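The values are calculated or read from the model by the stated rules, or taken from the named source; none is laboratory data. These numbers come from a predicted model, not from an experiment. Here Cβ is always computed from backbone atoms with ideal geometry, including for glycine, and neighbour counts include all displayed protein chains.
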Amino acid sequence: MGFNIAIDGPAGAGKSTVAKKAAEELGFIYVDTGAMYRTIAISLLRKGVDASDSEALERALPDIDVRISYQEGVQHMLLNGEDVSNLIRTPEVSEAASRFSAIPAVRKKLLDLQRNLAATEDVLMDGRDIGTAILPDAGLKIYLTASVEVRAMRRYKELQEKGQACTFAQIRQEIEERDYRDMHREIAPLRQAEDAVLLDTSDMDPDTVVQKIVAYAKERI
Ligand code: DC
């Protein structure tokens, strides 16, 4: 059994940026669970399944094969063998992933994949319910957050750099809606685990956050 680190928090808190670097410094495997939900979402979007149509969803899920592959240490998402890693970071997929992830059958589908990875390897896994539901015995739990303004600005800049048309107000609203949905769903809602360390990154640069996570981990390993 490996040492597990769980990092949870809302959209735009900087989870993937710092988690990737912290994992690298510690020699851990980085597992981005949001990417798994995004992969299912893109498949359901392509199939035209509506999140409110539970029958269509139950019919579609068995044919969706989600796998992870690591290429030079970088996580790639395979959807029925197709590498969709470059297609899953759009606002449309973010929104759909948030909607579909509230459905129990979708969460169940990813549970084993996530737990199996953590069972054999030293992993640093990020998401919404890692410390509370997926890996409740993780050796270190971090709840990473930042103000809505800061998170929206980070996402806005990221999308602008990619040349995707959007306004700050639009991104802020999308983040607020996603926060609300992710925190208020019935199954595995986003919340801070009681034994998680809270890190508010509003006024911290990514390197400072990485060093804090690495230091917490080294105290516990
Ligand atoms: O971390 P992210 O923004 O890539 O996640 C996309 C959506 O997937 C997020 O809005 C909610 C869902 N998600 C989840 O429900 N549980 C996780 N462990 C990770 C992501």
Matching residues in segment 113-141 (away from the ligand (no atom under 14 Å from the Cβ) and under 19 Å from residue 14 (Cα atoms)) number 1
With the checklist (1) within 13 Å of the ligand (Cβ to nearest atom); (2) touching a Gly at 6+ places or on another chain (Cβ under 8 Å); (3) more than 30 Å from residue 201 (Cα to Cα) in hand, flag the one item residue 34 doesn't pass. (3)
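Among the residues of segment 42-57, how many are on the phi > 0 side of the Ramachandran plot and among the β-branched types (Val, Ile, Thr)?
Of segment 42-57, the ones on the phi > 0 side of the Ramachandran plot are 48.
Add one more test, that the residue is among the β-branched types (Val, Ile, Thr), and what stays is none.
Selection size over segment 42-57: 0.
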For residues that are buried (at least 16 other Cβ atoms within 10 Å of the Cβ) and among the hydroxyl-bearing types (Ser, Thr, Tyr), scanning just segment 18-58, find the one that is farthest from residue 171 (Cα to Cα). 30
Given (1) more than 10 Å from the ligand (Cβ to nearest atom); (2) part of a helix (DSSP H, G or I); (3) closer than 20 Å to residue 8 by Cβ; (4) touching a residue at least 24 places away in the same chain (Cβ under 8 Å), residue 144 misses just (2)
List, please: which pairs have Cβ atoms under 9 Å, are six or more places apart or on different chains, and start with a residue in segment 3-16 that is β-branched (Val, Ile, Thr) and end with one that is within 11 Å of the ligand (Cβ to nearest atom) and modelled with pLDDT under 95? none
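Can you name the residue in segment 196-213 that is among the polar types (S, T, N, Q) and touching a residue at least 12 places away in the same chain (Cβ under 8 Å) and is also surrounded by the fewest Cβ atoms within 10 Å (Cβ to Cβ) among such residues?
Kept after step one, since they are among the polar types (S, T, N, Q), are these residues of segment 196-213: 201-202, 208, 211.
Add one more test, that the residue is touching a residue at least 12 places away in the same chain (Cβ under 8 Å), and what stays is 201-202.
Values: 201: 24, 202: 13.
Step by step, filter segment 196-213, then rank; the result is 202.
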Quickly run through segment 59-115 and pick out the residues that are surrounded by 13 or more Cβ atoms within 10 Å (Cβ to Cβ) and hydroxyl-bearing (Ser, Thr, Tyr). 85, 90, 94, 98, 101
